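K.L.:
Supplied in structure tokens, the structure appears directly below.
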Amino acid sequence: MTTNHPENLTTQKPQTLAAEDSQYRRHTWSELKDIIGTPTQPICFKPPNPTVYFPNPPNNRLETLTRLPSDLHRYQIWSSQIKATHGTVTNYVLTAKLHWTPLPTHSTNASNGPPLFAHHAATPFADPRDYAILVNDWPYGLEAGIKHLLVWTKMPVPILSSGDEGVEGDVTPESRQTIEGFVEQTFMKELGDGGSERVMWFKNWSSLQSVRGVDHVHVLIKDAPPELVEKWTRRKDL
């Protein structure tokens, strides 16, 4: 099984860290729909840009996603071990899980920005050699039957800056359209009839990310057949 790093585990509320699993209420599919939200009102941009979808402002409450207390405890132990052996979690993800080598001038230890990678396409998620789909071994506290995957991309996904309309660090409307198309083609269609109702995705704002500089998108799938999970996580980027 491939492993992936969790998002923002160490910033959960202290009372969650101190609680027991028996007191924890897992996120239901209905609750996740409310937390993550889905595209609604289209916004038309100036030509030649097409109509794209903007995220639901009242939703997108990603900071409310939590994990089991026992997972948080195990993560703290794991994180200390990883930092002792690899220096940073980002180094661990790149070398032990993704097996990606940054360009020489943009290594994980460079001071001139996040790591950059050689890629084949001009846009994210357009070429299977430019991304990897991994099972998240540190998923959120989800009810049974929900699979948590992550799609790592060698290309940066454009996000909103402080001067843009929307939440700083969230994906741009153009990026959201790109990701929506990828998720539909890769996951929803593979699930067949009703597939669109069994898949949700989000990308954590930069302020919520633990592995910064290596972009990735979370994909949650309800009742995903094991054979499809195996197909989705088959590596084409190595």
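K.L.:
What does the net charge come to around Ser70 if you take all other residues with beta carbon closer than 15 Å to its beta carbon, with K and R at +1 and D and E at -1?
P.N.:
After counting each charged neighbour, the total is 0.
K.L.:
Show log10 I(q)/I(0) for the stretch 118-204 at q = 0.20, 0.26 Å⁻¹, two decimals, from a solvent-free Debye sum over equal Cα scatterers.
P.N.:
Each listed q maps to, in turn, -1.10, -1.36.
K.L.:
Next up: Note down the accessible area of Ile36, probe 1.4 Å, to the nearest 10 Å².
P.N.:
Ignoring ligands and nucleic acids, Ile36 comes out at about 10 Å².
K.L.:
Can I ask one more? What number comes out for the charge environment of Ala122, summing +1 per Lys or Arg and -1 per Asp or Glu over other residues with Cβ under 14 Å away?
P.N.:
Values: positive: Arg129, Lys154; negative: Asp127, Asp130, Glu174.
Its environment carries a net charge of -1.
K.L.:
I've got another one for you. Kindly list the residues of the stretch 214-234 that lie in the label zone of Ala121, defined by a backbone N under 14 Å from the point 7 Å along the Cα-to-C-beta vector.
P.N.:
Counting only backbone N, you get 217.
K.L.:
Give me the one-decimal nm value for the distance between modelled label points at Glu143 and Asp193, 7 Å along each residue's Cα-to-Cβ direction.
P.N.:
2.4
The values are calculated or read from the model by the stated rules, or taken from the named source; none is laboratory data. The structure displayed is predicted, hence computed values, not measured ones. All Cβ positions, even for glycine, are placed from backbone atoms using ideal geometry, and neighbour counts span all protein chains on display. Areas reflect the complete protein model, heavy atoms only, side chains present, ligands, DNA and RNA absent. Shrake-Rupley method; radii C 1.70, N 1.55, O 1.52, S 1.80 Å.
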